[in-house]
1. Quick one: 3J(HN,Hα) in Hz for segment 386-397, Karplus 6.51/-1.76/1.60 with θ = phi - 60°, rounded, Gly and Pro as x.
2. Based on DSSP loop calls and a cut-off of at most 13 other Cβ atoms within 10 Å, the longest stretch of the chain free of exposed GluC sites (Glu not before Pro) is what?
3. With θ set to phi - 60°, apply the Karplus curve 6.51 cos²θ - 1.76 cosθ + 1.60 along segment 276-291 and write out the HN-Hα couplings as whole Hz, x wherever there is a Gly or Pro.
4. Counting every Cα pair in segment 348-470, what percent are over 26 Å apart?
5. Assign one of three labels to segment 439-510, namely rounded, prolate or oblate, based on the Cα gyration tensor with a ≥ b ≥ c the square roots of its eigenvalues; rounded applies when a/c is under 1.5, prolate when it is not and a/b is larger than b/c, and oblate otherwise.
6. Please give me, ordered by residue number, the chymotrypsin sites (Phe, Trp or Tyr not before Pro) of segment 401-464 that lie in loop per DSSP and have at most 14 other Cβ atoms within 10 Å.
7. Enumerate by residue number the trypsin sites (Lys or Arg not before Pro) in segment 316-377 meeting two conditions: DSSP loop (anything except H, G, I, E, B), and at most 11 other Cβ atoms within 10 Å of the site's Cβ.
8. Across segment 478-493, in residue order, what do the Karplus-derived ³J(HN,Hα) couplings come to in whole Hz, using 6.51 cos²θ - 1.76 cosθ + 1.60 with θ = phi - 60° and x for Gly and Pro?
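Only the coordinates and a few stated rules stand behind these numbers; no lab work does. What you are looking at is a predicted structure, and each value in this text was computed from that prediction instead of being measured. Heads up, the Cβs are rebuilt from the backbone with ideal geometry, glycines too, and the neighbour counts pull from every protein chain shown.
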Amino acid sequence: MTAERMIARRTHPRPLALAATLLLLLAGPGLAAGCAPDEAPPPDAPDTQEAELEGPELEVPPVEVPAGLTTGPYDWLIHGGLVVDGTGAPARPADLLLKDGRIAYVGPVDADTLEVAERFDAQGLVVAPGFIDAHAHGAPLDNPAFPNFLAMGVTTILLGQDGGGPPATSLADHLDALDETRPSVNVAYLLGHNALRRESGVEYDPPSPEGSERLAELVAMGMDQGAFGLSTGLEYDPGTLADLDELTAIARPVAERDGVVMSHMRNEDADQVEASVAELLEQGRRSGAHVHASHLKVVLGSDTGQAHRILEQMAEARGEGLEVTADVYPYTASFTGTAILFPDWARPPNDYGQVARDRRADLLDHLRERVEGRNGPEATLFGSGELEGFGELSGSTLAEVAEAMERPFEEILLEIGPSGARAAYFVMDEAVMTTFLTDPHVAVSSDGSPTMQHPRGYGAFPRVIRQYVVEEGLLGLEEAVRKMSGLTASIIGLADPDRVDVPRGVLQAGWAADVAVFDLEAVRDRATYEEPHQTAEGMRGVWVNGRRAWDGAGLMPGPGHGRALRAVQR
């Protein structure tokens with residue numbers, strides 16, 4: 001089934017209805033006749049359009065090449081595809097010309113008159129901007145290939161998440177080293193609050209005016225060296241010690257440089273998440289910074305009404321003039337360290353060994369109640385760690401480990417400790433997640449990496465297309481692509497010509513030639529919790545900065561074509 005036919009059969013409202021009508025008019029009687037009798041036109045399609053679609057006289061309009069279009073030479077012609085440009089505008093048949101790492105032209109061409117080095121036949125395929133991952137993880141200096149992202153159509157990732165990241169004082173050197181490494185995707189960075197606390201010497205100390213000032217200086221320094229903003233990890237140590245005064249102080253230099261504060265909020269549990277959102281919004285109000293909720297979720301909550309209340313909190317703040325956005329990944333299990341199960345008094349800077357000895361009974365009680373309150377030990381699936389007498393934990397649930405060891409699960413956790421393993425936690429609700437996903441201010445992310453034992457790092461973007469566009473119709477294709485490209489670029493600052501040398505995220509002349517071409521029917525995620533490192537299918541070609549990086553089966557040979565992206569302070 002072609003991309004045009006796939007869109008034509010959708011009944012999702014705006015903008016797909018308009019796109020379907022346009023595509024059928026351009027495709028001629030063959031495509032119109034191919035619709036099954038019981039597939040009615042979209043309910044909002046005018047009667048006059050429906051009558052036209054049934055007429056036998058339709059013909060494909062002749063190609064009219066704009067007078068100003070040169071004959072070349074060009075590096076690539078991507079010909080005959082269905083362009084979904086990343087803005088949310090209706091899909092349209094169009095060609096792309098790429099030259100010197102940028103998009104030279106989007107529209108109809110006479111392919112026979114052009115001088116082109118290489119050509120790609122995109123007939124029946126969707127041509128979209130390369131996807132931008134709003135929340136990713138990885139070590140590009142050590143492992144720059146990132147085939148997991150390219151197989152999903154991702155051409156740019158944003159690192160430095162959850163309060164982590166490279167030192168602010170040497171970020172410029174880090175970015176230079178990254179360019180020399182030649183990653184396969186573009187890499188942008190946030191500064192990490194937790195890392196800055198360590199770099200500044202504040203570490204685990206209570207916040208002080210002097211400490212907050214030093215942190216703000218580091219934020220300014222790092223952003224002047226190319227960071228796009230700041231991340232906080234308020235559920236992790238030592239970021240959890242920060243109060244609102246400190247959070248305001250570190251956000252002010254971000255606001256002054258038009259950056260974004262992305263926050264792993266303080267607590268995502270159902271009884272705490274609304275307060276956490278309120279704290280993030282207040283950080284934005286006091287500092288003037290654009291604030292963004294990372295991997296928006298409700299842990300142990302199945303009330304879609306609460307999801308709507310959270311979105312309304314954000315909408316009300318936008319009504320006040322605050323910039324507020326979020327991202328979400330399409331899974332119902334989170335993934336993080338076992339520290340999330342332990343109380344503050346058993347985590348750094350406290351001595352865990354001493355706590356485990358002196359307060360063993362209290363700690364066991366806490367762990368038992370905490371796990372039982374998070375859907376029980378069956379809902380914790382280890383992705384890393386080892387245990388003496390059991391071996392590698394990855395792939396086993398906490399319940400399975402406890403059963404094999406013939407010990408209570410809380411004792412297993414006590415032995416593993418807060419830093420001994422990472423796990424997937426099945427604590428989220430599908431309906432709540434999709435409520436967030438459909439909000440127009442929420443982008444798509446993976447929160448994944450090439451090595452993480454969670455399928456999101458290999459499947460998040462194709463999963464959105466397969467499940468929520470093709471199978472369920474929850475999102476229109478144009479809106480899904482916008483959430484994975486143009487929207488994300490605007491949140492980070494990658495779409496702002498005043499903040500970057502080359503804007504990206506939209507298929508538009510003059511913008512970066514990051515392009516993903518895929519078969520809408522064939523796109524699918526293959527990664528599972530049991531086998532999380534299976535690459536996605538359906539991407540027929542991916543271009544990074546105008547060079548083909550993925551051929552549908554694997555990485556193209558040679559060094560990568562990605563760049564270290566730098567925010568420019570003009």
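1. Listing the rounded values in order: 9, 9, 4, x, 10, x, 5, 7, 3, x, 10, 7 Hz.
2. 116-319
3. Using θ = phi - 60°, the values come out as 5, 4, 4, 5, 4, 5, 5, 4, x, 4, 6, 9, x, 7, 5, 10 Hz.
4. Tail of the P(r) past 26 Å holds 35 percent of the pairs.
5. oblate
6. Details: sites: 409, 425, 426, 436, 458; in loops: none.
Sites meeting the loop and neighbour criteria: none at all.
7. Values: sites: 318, 357, 359, 360, 368, 370, 374; in loops: 359, 374.
Qualifying residues, ordered by number: none.
8. With the stated coefficients, segment 478-493 comes to 4, 6, 4, 5, 4, 5, 9, 9, x, 4, 4, 4, 5, 5, 6, x Hz.
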